[in-house]
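The values are calculated or read from the model by the stated rules, or taken from the named source; none is laboratory data. Fair warning: this is a prediction, and the values are worked out from it, not measured in the lab. Ideal geometry is used to build each Cβ from the backbone, glycine not excepted, and the neighbour counts take in all protein chains shown. Just the protein is used for accessible areas: all its heavy atoms, side chains included, with ligands, DNA and RNA removed. Shrake-Rupley method; radii C 1.70, N 1.55, O 1.52, S 1.80 Å.
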Amino acid sequence: MHFDKIIIQLKARREMLNITQEKLAVLSGVGLRTLKQFESGKGNPTLITLQKLTDFLGMELVLQVKK
């Protein structure tokens, strides 16, 4: 999965749940600036940041070996 697809999926899930960036930042423990940069495609979040966001949004981050 390409990084831009991860951004699209996380943002779509946040919007589907009707959660603002501000609320997601507070509840997930991720800085608002970090979240805004990530969603705009300008950030480079760590795996820990991605895990915090996916956990809160009820998603799973999976790494797979290429075939």
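Structure above, values below:
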{"read-out": "Checking L50 against (1) part of a helix (DSSP H, G or I); (2) open to solvent by 60 Å² or more (accessible area, probe 1.4 Å), the condition it does not meet", "value": "(2)"}
{"read-out": "Unique residue being in a loop (DSSP other than H, G, I, E, B) and open to solvent by 70 Å² or more (accessible area, probe 1.4 Å) when the list is K23, K36, K42", "value": "K42"}
{"read-out": "Options M59, M1: the member that is modelled with pLDDT under 95 and either of a type in the set (S, T, Y) or not in a helix (DSSP H, G or I) (or both)", "value": "M1"}
{"read-out": "Pairs with Cβ under 6 Å, 6+ apart, first in segment 1-13 and closer than 13 Å to L53 by Cβ and touching a residue at least 40 places away in the same chain (Cβ under 8 Å), second open to solvent by 70 Å² or more (accessible area, probe 1.4 Å) and polar (S, T, N, Q)", "value": "none"}
